[in-house]
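Read the figures in this text as sums done on the coordinates, not as results from a lab. Remember, predicted model here, so these are calculated numbers, not experimental data. When we count neighbours, we look across all protein chains shown, and the Cβ atoms used for this are built from the backbone with ideal geometry, even at glycine.
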Amino acid sequence: MADKIYDILIVGSGPAGLTAAVYARRAGKSVLVLEKEVFGGQITHSPKVENYPGYLEMSGNEFAEKLMEQAQVQGAEIDLAEVTDVTVDDNGIKHVMTDMGEYLCKALIIASGSRHRELGVPREEEFIGKGISYCAVCDGAFYAGKHVAVIGGGNSALQEAVMLAERCSQVTVVQNLAFLTGEEKLSEKLFAMDNVDFIYSSVVEALEGDDELERVILHDTETGQSVPLEVDGVFVAIGQLPANGPFSKVAKLAVNGYFESGEDCMTMTPGVFVAGDCRQKNVRQITTATGDAAVAAVSACRWLDSQ
Ligand SMILES: Cc1cc2nc3c(=O)[nH]c(=O)nc-3n(C[C@H](O)[C@H](O)[C@H](O)COP(=O)(O)OP(=O)(O)OC[C@H]3O[C@@H](n4cnc5c(N)ncnc54)[C@H](O)[C@@H]3O)c2cc1C
């Protein structure tokens, strides 16, 4: 707590936070990782990961458990606490405020991740990994030859639809507006594909199925009618939500709420670094999160050594 000053405090125990902990401990720094919800981060929601190099297949939980063990074996302290504010005093010490009290550190690595925006309809949580996905790169291969719906009409939804159309028998893009909002080039590419169709002015009202998702009920906002759409899977692509508000005093946020940072993962505050999905970037995956984490941890260690 407040009497001990850690070399490095890491916010978030997802793939980025725990990887940063491993690197920092191996460099001999004292490390505390603070997590507000689930140890392991969002990958714990994934029943199957097939794109992490060196592993044919594993569950997200398995991966998270191994990473937690690795960080602990290396000697990282890991605690449950939600960081609510960070300030820096005249000596450069970071004061990290949490719901469990105040912690002090010399360097801070923020690996607070992001969350996919959810549909907000009943049974959504229950069908995750059983027909509901938020990531075509992660889960698209499980739907080869099947009929899927992509919910959303912005750039990320259209990119997911293109990717899925290359392997699925049919892709139905469901957009809440009367038009797509993503880039014209992407729309044109989809319009030219035989196995892609579009449903406009419609929102998902309900999800139905026994053990697995079997259909979505779409509500047409113009006619007021509700119609079922039989699908094997639904890819929700209606945006992501970073949770970077508590850190806005020490790290600059872009307009979309993600952290702005350089290749070295440094922020505007000396000794404050960012890593993983919380950063402004194009690809949010375990590999990119752990890659950032290695860079942020090495940068933080070098910064500490230079003080
Ligand atoms: C269903 C699903 C399936 C996926 N499948 C794959 C896949 O197959 N392959 C792949 O490469 N990627 C996959 N991903 C994406 C992958 O999970 C993310 O890219 C990765 O987890 C990002 O790691 P991260 O550490 O940056 O962030 P996160 O995993 O989001 O971890 C951030 C952590 O920080 C914590 N936190 C946030 N704010 C605070 C705070 N104020 N105080 C304390 N703690 C805080 C959060 O609770 C969270 O645990 C999937 C994601 C989902 C949701």
Exercise for the section: Collect residues whose amide H, placed 1.01 Å from N in the peptide plane, falls under 5 Å from the amide H of Thr98; neighbours closer than 5 in sequence don't count. Expected result: Thr84, Tyr103
Practice task
Report, in degrees rounded to the nearest 10, the 0 to 90 angle that the Cα long axis of helix 155-165 makes with the longest principal axis of the chain.
Solution key: 60
Practice task
For the chain, just run the numbers: alpha carbon Rg, then divide by 2.2 N^0.38 Å, N being how many residues it has.
Solution key: 1.09
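For the chain, what is the relative contact order in percent, using Cα pairs closer than 8 Å and at least 6 residues apart in sequence? Please report the intermediate quantities before stating the final value.
Values: 708 pairs, mean separation 61.3, N = 307.
Result for the chain is 20 percent.
When Cys301, Cys278 are ordered from fewest to most other Cβ atoms inside 10 Å of their Cβ, what list results? Walk me through the numbers before you get to the answer.
On the way: Cys301 19, Cys278 30.
Fewest to most other Cβ atoms nearby, the residues stand as Cys301, Cys278.
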Fill in the blank from the handout: Singleton cysteines, the chain, no second Cys beta-carbon under 4.7 Å -> Cys105, Cys168, Cys265, Cys278, Cys301
Handout entry: For region 78-87, 3J(HN,Hα) per residue [Karplus equation, 6.51 cos²θ - 1.76 cosθ + 1.60, θ = phi - 60°, Hz, x = Gly/Pro]
Key = 10, 9, 8, 6, 9, 6, 10, 6, 9, 10
Problem - Sorted by Cβ density within 10 Å, fewest first, the residues Thr221, Thr44 - result: Thr221, Thr44
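Out of all DSSP beta bridges in region 116-227, what portion is antiparallel? Express it as a percent rounded to 5. Intermediate values should be presented prior to the final figure.
Working: 8 of 18 bridges.
Beta bridges within region 116-227, antiparallel portion: roughly 45 percent.
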Fill in the blank from the handout: For region 118-236, averaging the sequence separation of alpha carbon pairs under 8 Å that lie six or more residues apart and dividing by its residue count, the contact order in percent is 31
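Counting other Cβ atoms within 10 Å of each Cβ, which GluC sites (Glu not before Pro) in region 220-287 have at most 11 and sit in a DSSP loop? The partial results should precede the final answer.
On the way: sites: Glu222, Glu230, Glu260, Glu263; in loops: Glu222, Glu260, Glu263.
Those satisfying the criteria are Glu222, Glu263.
Hey, what D do you get for region 118-236 in µm²/s if you plug the Kirkwood alpha-carbon radius into Stokes-Einstein at 20 °C and 1.002 mPa s? Numbers along the way, then the final one.
On the way: Rh = 14.0 Å.
This corresponds to a translational diffusion coefficient of 153 µm²/s.
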Practice task
Give the dimensionless ratio obtained when the Cα radius of gyration of region 9-112 is divided by 2.2 N^0.38 Å.
Solution key: 1.13
